[in-house]
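Comments concern the structure below.
Please treat every number below as a calculation from the coordinates, not as lab data. These figures come from a predicted structure and were not determined experimentally. Virtual Cβ from ideal backbone geometry, glycine too; neighbours counted across all protein chains shown.
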Amino acid sequence: MLDIFLSAKDAAATPVWLVRASELKHWCAEHAGAGAQWVETSGFKADAGKVLLLPDGAGGLSGVLLGIGDGSDPFITGALAAALPVRTYRFAGKLGASADNAVLGFAFGTYQFTLYAGRTREHPRLILPEGVDGEELSRIAAAIFLVRDLINTPANDMSPADLAEAALAIARTHGAKANVIVGDELLRQNYPMVHAVGRAAEVEPRLIDFIWGRADAPKVTLVGKGVCFDTGGLDLKPSSAMLLMKKDMGGAANVLALADLLMGAKLDIRLRVLIPAVENNVAGNAFRPGDVLKSRKGYSVEIGNTDAEGRLILADALAEADSEAPDLVVDMATLTGAARTALGPDLPPFYTHDDALAADIAAASVSQSDPLWRMPLWKPYDGWLDSKIADVNHVSDGPFAGSITAALFLARFIDKSKAWVHFDVYGWAPKPRPGRPVGGEAQAIRALYHLLKTRFG
């Protein structure tokens, strides 16, 4: 369990009230006296994320008010960690169904990325509310922190080799059987598009592969895009567009954290994780616009733009995943700017042909406060990927529906799996919110973890 959580009741714990703006007057009426007077004197309005320390009249602290505004932010308690003096606290009043999110928010607010600068801050501690599973919530918070750490680490320390080592460490922790295919061995073992995308980089491309669980359990395979840095290749990005390209392995980061959760929960599944890890770089041997690449599935793929490299490496990995006809294939990728244009950075789209799976994902999204939105695999757009010289072009020749056509391309590499779902995540928080600092961010994995526990737990 995280060391910020205490399971034992502590009479000395300072109470924290979560107060809606519309209920502040009612709170003051219930707590008449010095506390209520101080609320008025301070000008506190219970705006979302605002914290008010309540004096006890003797120079001490009697309690804390956390403004939650209209109550729409489930993790508003993330504002507490940086605002409170270091001591022990408890939530006052009834939290009901929001207790888990209140605890998670508090934990999220303690995150720090101090690999290169800064000292680890000491944080306040929280008495867990009754009925809250501190061990489970600690594991979820640790998974979120893992995603943030992996994405926040720049490419000089998060190369394909470094990403492979991070994956292997997780595999070793849970006793998973792991294998990494590196460099030209990718060609010999028929992962030609992974090799083509990564061959121009100094650090060789690789396919990370690990398996956990009994062989005859339901098969769940996770595939994560591991582009550790993306220059755009010969279709070079402008410098401004490269600044965040350390996050282009966000799909892999989310997949690894989800795998860690699933194995830690000891779900009765046969879990496989596939991560093609590359840098999309520029050199004399870089793949070119107009090239035709062989794919693992056998399709010939015409290259329409070298800056759409993620779907190429995913396609080879998905073909391998599909070859085992698993019960479920999940792929996650920071794939398209079009997804962000359509839905913004905080609402990842997902794609699947399976209506029942889509409904379950949507329900998990709501119950876990993990925003997701289903987008259509619109069949009429499939023709936009036609090629005059190859089986398929990997991009369309127009400016429309970029996230949909990317998903349609990936769908061509799935035909044996019982179910498949693709998540086009952003993996980055562009603006700070309580408990969610600017930087790498987990998306979809809390909903998926809940879904998979429900199905296979």
Original post:
What is the local net charge at Asn285, summed over the other residues whose Cβ is closer than 14 Å to its Cβ (Lys, Arg +1; Asp, Glu -1)?
Top reply: -3
**OP:** Mind checking region 305-394 for trypsin sites (Lys or Arg not before Pro) that DSSP puts in a loop (not H, G, I, E or B) and that have at most 16 other Cβ atoms within 10 Å?
**Re:** Lys388
**OP:** Just tell me the longest site-free run in the chain, where the sites are GluC sites (Glu not before Pro) in a DSSP loop having at most 12 other beta-carbon atoms within 10 Å.
**Re:** 203-457
Original post:
Among Tyr111, Tyr351, what is the fewest-to-most ranking by other Cβ atoms within 10 Å?
Top reply: Tyr111, Tyr351
Subject >> Amide H contacts under 5 Å for Trp373, placed H, 5+ residues apart >> reply: Phe350
Subject >> Residue-wise HN-Hα coupling along region 333-345, computed from phi with Karplus coefficients 6.51, -1.76, 1.60 (Hz; x: Gly, Pro) >> reply: 7, 7, 9, 9, x, 4, 4, 6, 4, 6, 10, x, x
**OP:** Mind putting a number on the dipole of region 287-383 about its Cα centre? Charges go on the C-beta only, +1 for Lys and Arg and -1 for Asp and Glu, and I need it in Debye to the nearest 20.
**Re:** 340 debye
**OP:** Beyond 24 Å between alpha-carbons counts as too far, so tell me which of Lys247/Lys379; Lys297/Lys388; Lys246/Lys388; Lys94/Lys453; Lys50/Lys246 fall in that bin.
**Re:** Lys247/Lys379; Lys246/Lys388; Lys94/Lys453; Lys50/Lys246
Original post:
Residue farthest toward the positive end of the dipole of the chain, with Cβ of Lys/Arg at +1 and Asp/Glu at -1: which of Cys28, Ser369, Thr405?
Top reply: Cys28
Subject >> Coil-residue chymotrypsin sites (Phe, Trp or Tyr not before Pro) of region 400-457, DSSP, other Cβ within 10 Å capped at 15 >> reply: Phe400
**OP:** Determine the calculated [θ] at 222 nm for the chain from helices alone, applying -39500 (n - 2.57) to every DSSP H run no shorter than 4 residues and normalising by the residue count; nearest 500 deg cm²/dmol.
**Re:** -9500 deg cm²/dmol
**OP:** List Thr454, Thr120, Thr110, Thr405 from most exposed to least, where exposure is judged by having the fewest other Cβ atoms within 10 Å.
**Re:** Thr120, Thr454, Thr110, Thr405
**OP:** Tabulate in residue order the Karplus-calculated ³J(HN,Hα) for region 306-311, using 6.51 cos²θ - 1.76 cosθ + 1.60 with θ = phi - 60°, rounded to whole Hz; enter x for Gly and Pro.
**Re:** 6, 7, 10, 7, x, 5
Original post:
In the neighborhood of Phe108, defined by Cβ-to-Cβ distances under 13 Å, what is the net charge if each Lys or Arg adds +1 and each Asp or Glu adds -1?
Top reply: 0
Subject >> Partners for Lys416 among aspartates and glutamates (Cα-Cα distance below 19 Å; same-chain residues under 8 apart left out) >> reply: Asp216, Asp316, Glu320, Asp322, Glu324, Asp327, Asp331, Asp354, Asp355
**OP:** Taking H placed 1.01 Å from N in the peptide plane, check which residues at least 5 places from His394 or on another chain put their amide H under 5 Å from its amide H.
**Re:** Glu302, Gly304
Subject >> Calculated from backbone phi, Karplus (6.51, -1.76, 1.60) coupling profile of region 373-385 in Hz, x at Gly/Pro >> reply: 9, 6, 10, x, 7, 6, 4, x, 7, 4, x, 5, 9
Subject >> Amide H contacts under 5 Å for Trp428, placed H, 5+ residues apart >> reply: Glu441
